[in-house]
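The values are calculated or read from the model by the stated rules, or taken from the named source; none is laboratory data. Note that the structure is a prediction, hence the values are computed from the model and not measured. Methodologically, a virtual Cβ is constructed for each residue, glycine included, from the backbone with ideal geometry; neighbour enumeration extends over all protein chains shown.
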Amino acid sequence: MIRFEIEANAFCQQMVRSIVGLLVAIGAGRARPSVLGERLQSGERAGLPAVAPPHGLCLLRVGYPGGAGALLDRAAAAGAALQDLAATL
């Protein structure tokens, strides 16, 4: 099992899956490690390896600056529900 923890102040559509797909390609020798920094800085996705499949990827936590108790509680509940769903797949 490989575990990735990715944290940012915002995410684009399929951003995490793109990053994980690239990291797996780097680990398998199908992409140069320098591509990761280049693509993160440029924001370009053209020519990247395939995005990682959604199986096993789940949102574990959402944080808000200064707190937001009710929103965090709902996010934690959603994360637990996603983990339960992932366990059934």
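Figures for the structure shown
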read-out: Residue match in the stretch 61-68 (condition: at pLDDT 75 or above and within 22 Å of V24 (Cα to Cα)); value: no
read-out: Restricting the stretch 13-43 to residues that are at pLDDT 85 or above and in a loop (DSSP other than H, G, I, E, B), the residue that is nearest to Q83 (Cα to Cα); value: Q14
read-out: Counted residues, the stretch 5-37 - those being of a type outside the set (K, R) and surrounded by fewer than 12 Cβ atoms within 10 Å (Cβ to Cβ); value: 14
read-out: Verdict on R17 being among the charged types (D, E, K, R) and touching a residue at least 12 places away in the same chain (Cβ under 8 Å); value: yes
